[in-house]
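K.L.:
Please read through the structure below; I'll follow up with questions.
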Amino acid sequence: MKLILTQEVRSLGAPGDVVEVADGYGRNFLIPRGLARPATQGALKQVETIRKTRELREIADRDKADELANQLQSLKIRIIAKAGDSGRLFGQVTPAAVTEAITKAGGPKVDKRRLHFDGPIKSLGAHQVSLRIHPEVEATLNVEIVKG
């Protein structure tokens, strides 16, 4: 199935990219969530316009993204969670909790869909979370989970 991405999809592409995906993935996941639309003749003509505007915006945003990445990496992000005596959490830390902690630490409001965990955070201590700010800029955040 040929689709045009309307938003950035990790490991697939950026807005305006024409991609070939499995029918079920496109029909059941990408299209209903508004991440892509079918690649019709009319839509394919608009792709070039979308790409040009994206490239102009990315050039200007690249410098801001580098600055924002440096700011975010210097933040002390702390999340208070309930945990047992062994240090294992009751549940896990979600991307929404991390974005809330970033704002509380004095950082900007970020989209939780741009966060990427190496694995689920289910224990106390320091963990690393990556945040894709720009297609070419990714910030690594140090998140500390403390017992509360």
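K.L.:
Averaging sequence separations of C-alpha pairs under 8 Å and six or more residues apart, then dividing by the length of the chain, give the relative contact order as a whole percent.
P.N.:
Relative contact order for the chain comes out at 21 percent.
K.L.:
Still on this model: Do me a favour and compute the ellipsoid semi-axes for the range 69-147 from its Cα gyration tensor, root of five times each eigenvalue, largest one first, whole Å.
P.N.:
22, 12, 10
K.L.:
Multiply the residue separation of residue 86 and residue 28 by 0.36 nm, subtract the distance between their alpha-carbon atoms, and state the gained length in nm to one decimal.
P.N.:
Gain on stretching residue 86 to residue 28: 16.8 nm.
K.L.:
Calculated FRET efficiency, residue 96 and residue 63, Cβ-Cβ r, R0 25 Å, to nearest 0.05?
P.N.:
E(calc), rounded to 0.05, equals 0.30.
K.L.:
With viscosity set to 1.306 mPa s at 10 °C, what whole-number translational diffusion coefficient in µm²/s follows for the chain from Stokes-Einstein and a Kirkwood radius over Cα pairs?
P.N.:
Rounded, D is 92 µm²/s.
K.L.:
Could you tell me the center-to-center distance, by alpha carbons, between the range 7-33 and the range 84-117 in angstrom?
P.N.:
One Cα centre to the other: 26 Å.
K.L.:
Structure shown: which of 2/112; 52/112; 64/109; 109/147 lie over 20 Å apart, alpha-carbon to alpha-carbon?
P.N.:
Beyond 20 Å between Cα atoms: 2/112; 52/112; 109/147.
Read-outs throughout are calculated quantities, based only on the coordinates presented, and are distinct from any laboratory measurement. Only a predicted model underlies this, so the values are computations on that prediction, with no experimental measurement involved. With ideal geometry, Cβ positions are generated from the backbone for all residues, glycine too; neighbour counts draw on all protein chains shown.
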